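Just below is one structure, and these are the notes that go with it.
The values are calculated or read from the model by the stated rules, or taken from the named source; none is laboratory data. None of the values given here were measured: they were computed from a predicted structure. Counting neighbours? That spans all protein chains shown, and the Cβs are built from the backbone with ideal geometry, glycine included. Only protein heavy atoms, including side chains, enter the accessible area calculation; ligands, DNA and RNA are left aside. Shrake-Rupley method; radii C 1.70, N 1.55, O 1.52, S 1.80 Å.
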Amino acid sequence: MSLYRHFRLLHCTLICVTLLFSSTVVLAKSRRPNIVLILTDDLDFAIGGMIPLNKLKKLIGDAGISFTNAFVASPLCCPSRASILTGKYPHNHHVINNTLEGNCSSRAWQKTQEPTAFPALLQKYAGYQTFFAGKYLNEYGTAEAGGVEHVPPGWDYWFALEKNSKYYNYTLSVNGRPQKHGNNYSEDYLTDVLANASLEFLQYKSNYRPFFMMISTPAPHSPWTAAPQYESSFPNVKAPRDPNFNVHGKDKHWLIRQAKTPMTNSSLQFLDEAFRKRWQTLLSVDDLVEKVVKKLEMHGDLSSTYIIFTSDNGYHTGQFSLPVDKRQLYEFDIRVPLLVRGPNIKPNQTCQILVANVDLGPTILDIAGYSVNQTQMDGMSFLPLLNGQGQNITWRTDILVEYEGEGSNVSDPACPLLGPGVSECFPDCVCEDSYNNTYACVRTLSPSANLQYCEFDDNEVFVEVYNLTADPFELTNIAKSIDQEVLEKMNHRLMMLQSCSGASCRTPGVYDSGYKFDPRLMFSSHGPRISRLRQTLK
């Protein structure tokens, strides 16, 4: 069945259901704003990922507000997406990596987290009609997790990609039924398919209820397949040669120290080509944004619709001599774009306040009139920041970043000298991840401090600290030179955040006036509280 016929059938059903509502309820719901969330895959903020997106910047950024300090709770697809959907840090939603064993779209996830994810609350308590198109979670659609027949609660219209990002030759779950796609550009290029499905939803949705749309593009994730008309774009573009490009991370944790500097010519050529191809795939995302905005405007919905644009994590291409990936604690991997336009948002604004992807769910629910205090979410609603009421609220000065490294207990045959546990290795034995690339960080931003404080669950119990004001490229680890009292307070704050849940995740940080430091709560051992993430899955 075509997407068009699905929409027509569901549209007729929705009209019949809607007519059963009393006129009072219908009018109340219709006054709530519509919400569109556009989520990209691996789009960085720090190394120029926004440069190709000129239409997006004009239609959303110039028309609204751009957040310059937006971060993710974990720099990997599935844990980050789980944080977006649940409003929780990884230690509370228990998704630690991109595998079923790591709780990515597992039965346990479906049972414990999906029923209280924000889309389910939007549909059940706020009366929204809901639409999803694109990549959901990396292991979605696997047979062990119910296959593509599984449609998470909360979605009226469901067009989800089976497993990880692709551009051709994939399967969609269309309201629980498989729809296979080939490699014909006009029919199958996934970014365009998502755009067309979104436009059809906007064409045939009910006009009596507010709507929420989530469009999750494959771009700019690998395999970096551009649309034919964009394959020759940016012919001379290379990855930026910032101060942290192709330099040795001599004072960083062992996984960074093992990277070879200078990088081989083959690695440099590979990462430059990857950087260019990523930009090429983003041009279709730019087209998608333009089509959606124009359709909203044509239907008279634009002025009553919030449009949010962001990414699940950042990316690196050559920073500290790591070829291409994410999964690290540094700005290029944890910092993401966040642009919002909508009712009562003044145009051409820039906001430097610290926000995180755990705040997206609370914000969307707040827009719909549902308070985060009615949930177990860890994040905060930044709706007051959008509406110019930021001076009336107390905002936190820090967030938590967590990552649980992936790797097996056997050595990579191509890189035996590195020992067991490494993964994501390149031909020249530069590995992007390992089982003990497991860390937790407090990212702090206040008028008096711009810090990244991180602890590793490894044999070294390694600590990294960066002063981003003096050292924006995180070249110098100041853990051994910073004041001991600051270290103790940051360690204490990290422990508190790693054990927080709900409202306790929003308590004052080290650089808030309300922060209380009790040295009696200090732990003598660092490792167990980090590895607790994995213990919750056993």
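Protection proxy ranking for 476-489, 103-116, using the average of other Cβ atoms within 10 Å per residue and placing the highest first: 103-116, 476-489. Each Lys and Arg Cβ is given +1 and each Asp and Glu Cβ -1; about its Cα centre, the chain then shows a dipole of about 1560 debye. Computed from Cα atoms, the angle from the helix 265-298 axis to the main principal axis of the chain rounds to 30 degrees. When only Cα pairs below 8 angstrom with a gap of at least 6 residues are kept, the chain shows a relative contact order of 20 percent.
With just the Cα atoms defining each centre, how far is the range 411-452 from the range 283-302? Give it in Å. Computed from Cα coordinates, the inter-centre distance equals 39 Å. When the square roots of the Cα gyration tensor eigenvalues are ordered a ≥ b ≥ c, the ratio a/c for the range 250-297 is 1.5 or more and a/b does not exceed b/c, which makes its shape oblate. Working from Cα positions, state the angle (0 to 90°, nearest 10) between the long axis of helix 77-86 and the longest principal axis of the chain. In the chain, helix 77-86 runs at an angle near 60 degrees to the longest axis.
Shape call for the range 34-396 from the C-alpha gyration tensor, a ≥ b ≥ c root eigenvalues: rounded (a/c under 1.5), prolate (a/b greater than b/c) or oblate? Rounded shape, in that the Cα axes give a/c under 1.5. Among residues other than Gln349 whose Cβ falls under 12 Å from its Cβ, what is the net charge (Lys/Arg +1, Asp/Glu -1)? Its environment carries a net charge of +1.
The share of accessible area on the range 34-396 that comes from carbon and sulfur is 48 percent, using a 1.4 angstrom probe. Partner aspartates and glutamates whose Cα lies under 16 Å from the Cα of Lys480, excluding those fewer than 8 positions away in the same chain, are identified as Asp251, Glu455, Glu460, Glu464, Asp471, Glu488. Where only DSSP H runs of four or more residues are counted, the chain gives -8000 deg cm²/dmol as its mean residue ellipticity at 222 nm, each run worth -39500 (n - 2.57). Indicate, rounded to the nearest 5 percent, the antiparallel portion of the DSSP beta bridges found entirely in the chain. Looking only at bridges with both residues in the chain, the antiparallel portion is about 60 percent.
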